[in-house]
Every structure is written in structure tokens, then in C-alpha cells.
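The values are calculated or read from the model by the stated rules, or taken from the named source; none is laboratory data. Fair warning: this is a prediction, and the values are worked out from it, not measured in the lab. Heads up, the Cβs are rebuilt from the backbone with ideal geometry, glycines too, and the neighbour counts pull from every protein chain shown.
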Amino acid sequence: MSDAGLQTTNYFVDGATMAARNLIEPTFLCRIERKFRRIVLRQQDPDCFTLKGLYRFPFVQRLVGRMTIQAPGISHTLNFRPGTTDIEVIRYVFKQQAFSITRLRRWPEIRVFLEAQHKRGRRPLIVDAGAHIGISTVFFALMFPTALVIAIEPEESNFDLLSKNTEGLNVRCIKAALSSETQRARVLDPGEGHWAFRTESTNSEEGLPCVTLNSLYGEFGGSQAFPFLVKINIEGAEEELFARNTDWVPNTGIIIIELHDKIMPRKAVSRPFLKCVSALDRDFVYAGFNVFSIDNTIFTTR
């Protein structure tokens, strides 16, 4: 996007104006199946295998599996997998507004900062780590139209939908794991749905590449883009991410992170993050499953 485009494009769209249209909710039988799997089989986040099986037929795919995100002047198609946890993520992002920073008390000063940067021809750099199929990525890209959004997702089926769902938006999709170092990782499936894939480091050359936030800032930041927001939901890999090479943290205005001690007990995977941010001048705001870590100096700079 050119400087002229930055000057003429609206830099902010209120996420509260976005609505998920034509979203087909799970059927009654699907709800019964999920309840059975959750209560009797003790599955934490069960898929509806009946609907998943039907979705394999092309005529069913034409009827379900697509929805529209609408807001004033906005219409964007999202693809999802019926009968899976994809629908829960859609509700979480667009109905519960889980990642909306407008509900923060500090939003007025953040908006003044963004407007000042916009007038200078500078765009926000947003990183969505653990982007899944792109639902939160699309939310950020539509909410901040001038932003450059980097979406990181390691799992292949999720990444394919992520790429499809972000077509036409100012999004760069990277199939990789997020780490503190440039190493390799493999994807693990704990059997808790498409949103629960995990990664661990490996010495195998067959593993996925890892990217670091320091390298992403070096590649995509600069005179026209400034680090603004990083959303992190990487299923426990935050332990390794914050263990070292955290130079990027003080340069990031907002970090939104879901910590995973609740699903990985007695491993203290959140400890490196807490040690890192506790040494910095940042607010710590808990909202739902997420922690919003907000720098107390960046947004005072005009």
C-alpha cells in the first residue's frame, strides 16, 4: 500500500460493527453428539463427526461451510469446517469480541496514537501467532485496514484455510512455528480439535521452520510500519518463546496472549512470560482467556 493509500484509507473500523452472517450453527443432533462425547467419552472439545462426514460431499459443502463478515463498507467471506471447533472460534472472535482492544480503558490514548501514526503515513504491524484458519487474522485485518498482518500457522489443514480466508486482504501467511530461535519444529495433535495443535522443537530436517519475532520485525518493520500488536495462542509453546531473545517485547505496544497452564498442569509454561513482562513497565489486563500486556510508554509518544 502506498503512502497515498495510507492517507486516504480509514485506519480503523470498530470491531463491534462486524457481524457474522449466514453462519449455520450445529444441528440439534450435532449438539447431542458433542454432549455425549464431552460427558461420556470425556473429550474436552469434541468435533461433531456426523456433520464432518456429511461435509465431505460437494453438495453439502455448497450449502454450509461459508459465511460472510459484514460491517459498513465491508463484506468478506470466511470458510470453515462444519462440525468442528472452527465454529466456536468464529463465535469467540466475532460474537464475543475476544480480541477487541476498544473495550480497554486505554483505548482512547491508543486510538490517538494510531491516528497520529496514520497521518505520518505509517501503518501498524500486527502478528497473529497461532492463526488457526484465519478468523482472528481477518478480524485484525478488517479492524485495521492499513495494517500489515503477519499470520503464522504450523498445521497444514489450518494453513490451507488460513490462506484461502485471507485472500484479498493485506495479510502475509507464513507456514511455520513461532519460537525464540531459528530452529525446526514438528506439529503434535493432542486430539482436542483443530484449534489445539501443538509444536515442539526437533532436530529432524523434515520439521517445519521456526520464525522469530525479532526477525519478523527486522523484515517487515521500518520507517513505514511500526510494531503494534502481537496475538499469541500457541498451545504452551509460549514457554519457549519467552525463555530468551525477547528484545521484541519492549518494542511491542500490545501483546494479547492465552496462557496454557490450565491444559498443561505442573509444567509452569506461563512462567517465562510472567518473568519477562514483570520486569517491564507494562499493564497486565486479564479479559476472558487472554492477558493483554500493554506498554505504558509507547502510546504516549506522538
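Some points to look at:
- Selection within the range 203-216 - surrounded by 15 or more Cβ atoms within 10 Å (Cβ to Cβ) and either touching a helix residue (DSSP H, G or I) at 6+ places or on another chain (Cβ under 7 Å) or more than 19 Å from residue 150 (Cα to Cα) (or both): 207
- Among the residues examined, residue 226 does not qualify as part of a strand (DSSP E or B) and surrounded by fewer than 17 Cβ atoms within 10 Å (Cβ to Cβ).
- Flag for residue 237 being over 15 Å from the mean Cα position of the chain (by Cα) and either over 27 Å from residue 105 (Cα atoms) or acidic (Asp, Glu) (or both): no
- Residue within the range 95-107 that is polar (S, T, N, Q) and at positive phi present: yes
- Selection within the range 92-134 - in contact with an Asp or Glu (Cβ under 9 Å, 6 or more places away or on another chain) and of a type in the set (Val, Ile, Thr): 102, 133
- Selected residue [farther than 20 Å from residue 233 by Cα and either crowded, with 24+ Cβ neighbours inside 10 Å or in contact (Cβ under 8 Å) with a residue 60 or more places away in the chain (or both)] from 126, 135, 110: 110
- In the set (1) modelled with pLDDT under 90; (2) among the β-branched types (Val, Ile, Thr); (3) surrounded by fewer than 20 Cβ atoms within 10 Å (Cβ to Cβ), the condition left unmet by residue 199 is number (3).
- You will find that of 190, 209, 154, 250, the residue that is under 18 Å from residue 277 (Cβ atoms), touching a strand residue (DSSP E or B) at 6+ places or on another chain (Cβ under 8 Å) and not aliphatic (A, V, I, L, M) is 250 and no other.
- Inter-residue pairs, beta-carbon under 7 Å, first of a type in the set (S, T, N, Q) and in the range 228-247, second surrounded by fewer than 24 Cβ atoms within 10 Å (Cβ to Cβ) and in a loop (DSSP other than H, G, I, E, B), 6+ apart: 245/180; 245/181; 245/212
- Here residue 151 does not qualify as of a type in the set (Gly, Ala, Ser), surrounded by fewer than 23 Cβ atoms within 10 Å (Cβ to Cβ) and either in a loop (DSSP other than H, G, I, E, B) or touching a residue at least 12 places away in the same chain (Cβ under 8 Å) (or both).
- Any hit, the range 70-91, residues being surrounded by fewer than 20 Cβ atoms within 10 Å (Cβ to Cβ), more than 15 Å from residue 165 (Cβ to Cβ), out of contact with any Asp or Glu (no Cβ under 7 Å at 6 or more places or on another chain) and of a type in the set (D, E, K, R): yes
- Any chance residue 223 is touching a residue at least 12 places away in the same chain (Cβ under 8 Å), more than 18 Å from the chain's Cα centre (by Cα) and more than 25 Å from residue 113 (Cβ to Cβ): no
- Of all the residues in the range 252-281, those that are at pLDDT below 95 and within 30 Å of residue 120 (Cα to Cα) number 0.
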